[in-house]
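Notes follow once the structure below has been shown.
What follows draws every value from the coordinates through simple rules; no lab data is involved. Please read all numbers here as calculations on a predicted model, not as lab measurements. Cβ placement follows ideal geometry from the backbone for every residue including glycine, while neighbour counts extend to all protein chains displayed.
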Amino acid sequence: MPNPKSRHCKARRDKRRANWKIQLTSVSICPECQEPKLPHRVCMSCGTYNGKKILEVVEKESV
């Protein structure tokens, strides 16, 4: 089985690793309450998904 004649240089290695970046999560706006939410998930402020009520949202009571 053939083996590499020499190692790759550090620049070549670092060019390959340069594309590992942290990406910001995309945020969409809820059409019901206009609050920001993650796409393809139930809105945590109003409890709707795809125009249907999925969750019953209970607000916290202040003491």
Please work through the chain and write down the cysteines that have no neighbouring cysteine Cβ at a distance under 4.7 Å. Cys9
Report the equivalent ellipsoid semi-axes for the chain in whole Å, largest first, defined as the square roots of five times the eigenvalues of the gyration tensor built from alpha carbon atoms. 50, 14, 11
Sum -39500 (n - 2.57) across every DSSP H segment of at least 4 residues in the chain, then divide by the residue count to get the 222 nm mean residue ellipticity, nearest 500. -3500 deg cm²/dmol
So, with points 7 Å from each Cα along the Cβ direction, the Arg13-Glu59 label distance in nm works out to 5.8
